[in-house]
Amino acid sequence: MKRQVTILSLFLLIASTIVSCKKDETSLKAQMMGKWTLNRIVTTGYTADDTAGDPKKVNGDVTYGTTSDYVDFKSNNDDPVELSLSGNRTLGTYVIIYSDQFSMDINDGLNYCKINSITANKLEFTAKIDKTNVVKVYTLSR
């Protein structure tokens, strides 16, 4: 009887180990992780006062796409994100909120993001900057 209980316990331990080691390929974080080429950002919502006070705050459609333009969602305990625009790197953090939403704290403030589409080679999301009417649509590819 003891032998059967021991064998059963060992079997359950091995089975739970195999199941727990299954690679996560379907979660939003698993799909987002890695380095993406930044192709385009469409910005709306800046007022005339915003643009007069800071020339970097501009509405419009900006096309990127060089190797120095990227967004890198990293996976460790801090969930850092690295944004590089024309070689100017900015570090921040991101947090998955729902299966299609995340927040990103980056150079322009806290962004609440909603996934428009995501595949293995393309990611598009809309980011609204907290406490403003500014909306940015990011288009990324691999």
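Every number in this text was worked out from the coordinates using simple rules, so none of it is lab data. Bear in mind that the values here come from a model prediction, so they are computed numbers and not experimental data. So basically every Cβ, Gly included, is an ideal-geometry build from the backbone, and we count neighbours across all protein chains shown.
May I ask for the Rg/Rh ratio of region 21-142, computed from Cα atoms with Rh as the Kirkwood radius, given to two decimals?
Expressed as Rg/Rh, it is 0.97.
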Task: Integer Hz, Karplus 6.51/-1.76/1.60 couplings in order for region 89-95, x for Gly and Pro - done: 8, 10, 9, x, 9, 9, 9
Task: Integer Hz, Karplus 6.51/-1.76/1.60 couplings in order for region 35-45, x for Gly and Pro - done: 8, 10, 6, 7, 9, 6, 10, 10, 10, 9, x
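Could you calculate, for region 70-142, the ratio of the Cα radius of gyration to the Kirkwood radius, expressed as Rg to Rh?
0.93
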- [ ] Based on the mean of other Cβ atoms within 10 Å per residue, sort peptides 112-123, 128-139 so the most packed one is first.
- [x] 128-139, 112-123
